[in-house]
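These notes concern the structure reproduced below.
A short reminder: the numbers here are calculations on the coordinates, not readings from a lab. All values derive from a computational prediction rather than experimental measurement. So basically every Cβ, Gly included, is an ideal-geometry build from the backbone, and we count neighbours across all protein chains shown.
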Amino acid sequence: MLIIGIAGGTGCGKTTVVNQILNELPEGEVGVISQDSYYNDTSHLSYDERININFDHPRSIDFELLENHLKELKKGIPIHQPVYSFVKHNRTGDTILTHPRKVMIVEGILILTHPELRDMFDIKIFVHADTDERLIRRLKRDISERGRDLDEVLSRYQNTLKPMHIQFIEPMKEYADIIIPNNKHNIVAVDIVRTIINNKLKP
Ligand SMILES: Nc1ncnc2c1ncn2[C@@H]1O[C@H](COP(=O)(O)OP(=O)(O)O)[C@@H](O)[C@H]1O
Ligand SMILES: Nc1ccn([C@@H]2O[C@H](COP(=O)(O)O)[C@@H](O)[C@H]2O)c(=O)n1
């Protein structure tokens, strides 16, 4: 199994890049795990307590479960990936049956911060987009898709997102094998990653 880790700050385009990579690859050959599915289970907290969680700090992630799931997949065992709700700020209770594939992509803002997880990646990719570009994208996406308003996004940006990005996410570039500039859609970089995957998929 080839495991590719794709990191980068919020709004840099990780999900978009993953979808672009998957387009034109044979369906079902590449599996995806999203770090967002592994936000800690916070069912014991009230909604008001949950909105105050710092979701950009590594301790907000259940890395133990993520690492164990990846190990299971490597052994050929399917996993039940939790489903996360950005509206409820919690896991929904549903899971997605995720089968092991020849190539697994793991994507998320903090996946390179955890040394044991990082060591499991054969290829580490960091997607870069400028800070202002990421904030604009995040504003548009969180308002249209994640049930947020302008004040929520901006206060989260100032209070946690920006400082956590500087402290934990940006320094992870050092570990990257490939850095994809993604201020604009980067077809060439996506093609290169797809070629690497295609080579692995060849019989
Ligand atoms: N290169 C790009 N140019 C313009 N918009 C982009 C680009 N990449 C992603 N986006 C848009 O920015 C938003 C955030 O992208 P997304 O892939 O969800 O980022 P991430 O997963 O890194 O948080 C989405 O609305 C997406 O359509
Ligand atoms: N309940 C939550 C959980 C996370 N976030 C934010 O999501 C960002 C990571 O996801 P991306 O798809 O943008 O990479 C992260 O910056 C968290 O602040 C949230 O807003 N609410």
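Could you tell me whether any residue of region 26-43 is within 24 Å of LYS102 (Cβ to Cβ), within 16 Å of ligand 2 (Cβ to nearest atom) and small (Gly, Ala, Ser)? The answer is yes, given that some residue of region 26-43 is within 24 Å of LYS102 (Cβ to Cβ), within 16 Å of ligand 2 (Cβ to nearest atom) and small (Gly, Ala, Ser). Taken over region 10-61, the criterion of being within 18 Å of HIS165 (Cβ to Cβ), part of a loop (DSSP other than H, G, I, E, B) and touching a residue at least 60 places away in the same chain (Cβ under 8 Å) is satisfied by THR10, GLY11, CYS12, GLY13, ASN54, PHE55, ASP56, HIS57. Pairs meeting the criteria (first residue in region 103-128 and under 16 Å from ASN68 (Cβ atoms), second residue of a type outside the set (A, V, I, L, M, F, W, C) and away from ligand 1 (no atom under 16 Å from the Cβ), beta carbons under 6 Å, at least 6 apart or on different chains) are MET104/GLY31; GLU116/GLU67; LEU117/GLU67. Of all the criteria given as (1) touching a Ser or Thr at 6+ places or on another chain (Cβ under 8 Å); (2) free of Cβ contacts under 8 Å to residues at least 24 places away in the same chain, the one not satisfied by ARG91 is (2). Within region 145-186, the set of residues being assigned to a helix (DSSP H, G or I), in contact (Cβ under 8 Å) with a residue 40 or more places away in the chain and away from ligand 2 (no atom under 12 Å from the Cβ) comprises GLU170, MET172, LYS173, TYR175. Would you point out the residue of region 17-46, among those that are surrounded by 15 or more Cβ atoms within 10 Å (Cβ to Cβ) and of a type in the set (Ser, Thr, Tyr), that is nearest to LYS184 (Cα to Cα)? Taking the candidates together, the pick is SER34.
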